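One structure below.
The values are calculated or read from the model by the stated rules, or taken from the named source; none is laboratory data. All values derive from a computational prediction rather than experimental measurement. So basically every Cβ, Gly included, is an ideal-geometry build from the backbone, and we count neighbours across all protein chains shown. These accessible areas exclude ligands, DNA and RNA; they are computed on the full protein's heavy atoms, side chains included. Shrake-Rupley method; radii C 1.70, N 1.55, O 1.52, S 1.80 Å.
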Amino acid sequence: MGLSKRQLEVLSALQWMLTFLFLGPVCTVLLLWLLFTRLWLVSVLYFAWWLLDWDTPERGGRPCDWLRRRRIWAHFCDYFPIKVVRTAPLPPGRSYVLGAHPHGIACAGAFAALCTEAAGFPRLFPGLRPVLAPLRGLFLLPGYREYLMSAGMCPVSRASLDFLLSRPGVAVGIVVGGAAEALDSAPGSYRLTLLRRTGFVRVALRHGACLVPLLSLGEPELFAQAQFAPGGLARRLQERFRALVGFAPCVIRGEWGLLPRPRPLTVVVGSPIPVPRRVKATPEEVLHYHALYVAALRTLFERHKVAAGLGPTCRLHLV
């Protein structure tokens, strides 16, 4: 007897979360362990390849259409379910910086939209290559880097972004709030770390890339987490760990532990904000386009929150 449709959906969501949390450490430990076994040559050959291939993540990566189109991602999107909403066309003759919000715990909406074809992004925006740009440090993990690149990800480093955005037809998703925002994630709360984050605007100005807000409505509902008092020992340890490593150690609770809760996710892609090309943008220009972006993000949230299942009293809080 085969698995039911719902069982396949649960397994796909569980494998995604386990991959997100454990694939990097497991691959690293496995390759180091093999060095002390009769299979030591496997690790030596891989690490040699790793050094030769060092710059590939920052040179556009190595996307694998086979992985992005696997049936497992359709089950993954159906588990929640996840859908992408287009509010305006994004012509492929330009490059785009997509500001992805909110981070949540694991960026499920941004991953489904930009790293798989199951949510419909290629159909809604033909001719665009979507790229999700996570932390550079993740690409230092042996084995895990191959998975990230195969899914179409590239590091959120200057070299990587400059390489991608110098070409038309690329839409780079940057999760602006990052790990700091993850610590504030809670069901029913849309608290975004944005007001002091201007780096993504500078990147867009440097290449004349359009700014596009991308909202994953429902993202905070996927996990609850233990919220520690600001200034307390536990919160200080979280902040210290985030400063050292780059990501936040959240104490989460989903459906049966690590499984994300099956809550609808609506990924709304906003209208492009034209940005001039400025190799050295002035602070006034950066603040001007940042303000335009913030206003567009607020409008996008208010227009789509009810249709996405949020209450009419739900508010967007920017810090």
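Below, the figures for the structure above:
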item: Close pairs from region 1-16: first of a type in the set (D, E, K, R), partner surrounded by 11 or more Cβ atoms within 10 Å (Cβ to Cβ) and outside any loop (DSSP other than H, G, I, E, B), Cβ under 8 Å, at least 6 apart; result: Lys5/His75; Lys5/Asp78; Glu9/His75; Glu9/Phe76; Glu9/Asp78; Glu9/Tyr79
item: Pick from region 120-135, criterion open to solvent by less than 10 Å² (accessible area, probe 1.4 Å) and part of a loop (DSSP other than H, G, I, E, B), ranking: farthest from Cys210 (Cα to Cα); result: Gly120
item: Matching residues, region 272-303, being over 19 Å from Val203 (Cβ atoms) and of a type in the set (Gly, Ala, Ser); result: Ala295
item: Subset of region 162-173 [surrounded by fewer than 24 Cβ atoms within 10 Å (Cβ to Cβ) and in a strand (DSSP E or B)]; result: Val170
item: Pair list, Cβ < 7 Å and 6+ apart or interchain, from region 274-290 residues that are aliphatic (A, V, I, L, M) to residues that are in a loop (DSSP other than H, G, I, E, B); result: Val275/Gly208; Val275/Ala209; Val286/Thr198
item: Residue within region 103-118 that is more than 18 Å from Val10 (Cα to Cα), acidic (Asp, Glu) and surrounded by fewer than 24 Cβ atoms within 10 Å (Cβ to Cβ) present; result: yes
item: Residue satisfying all of: in region 18-72; among the aromatic types (Phe, Trp, Tyr) and more than 22 Å from Pro155 (Cα to Cα); most open to solvent (accessible area, probe 1.4 Å) among these; result: Phe36
item: Leading residue by the ranking (nearest to Thr56 (Cα to Cα)) among those in region 136-154 that are of a type in the set (A, V, I, L, M) and assigned to a helix (DSSP H, G or I); result: Met149
item: Residue within region 45-64 that is farther than 23 Å from Asp162 by Cβ and touching a Ser or Thr at 6+ places or on another chain (Cβ under 9 Å) present; result: yes
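For every residue, the table says whether it meets (1) open to solvent by 10 Å² or more (accessible area, probe 1.4 Å); (2) in contact (Cβ under 8 Å) with a residue 60 or more places away in the chain; (3) under 30 Å from Thr87 (Cβ atoms).
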{"residue": "Arg202", "(1), (2), (3)": "yes, yes, yes"}
{"residue": "Ala209", "(1), (2), (3)": "no, yes, yes"}
{"residue": "Glu221", "(1), (2), (3)": "yes, no, yes"}
{"residue": "Ala226", "(1), (2), (3)": "yes, no, no"}
{"residue": "Ala229", "(1), (2), (3)": "yes, no, no"}
{"residue": "Arg240", "(1), (2), (3)": "yes, no, no"}
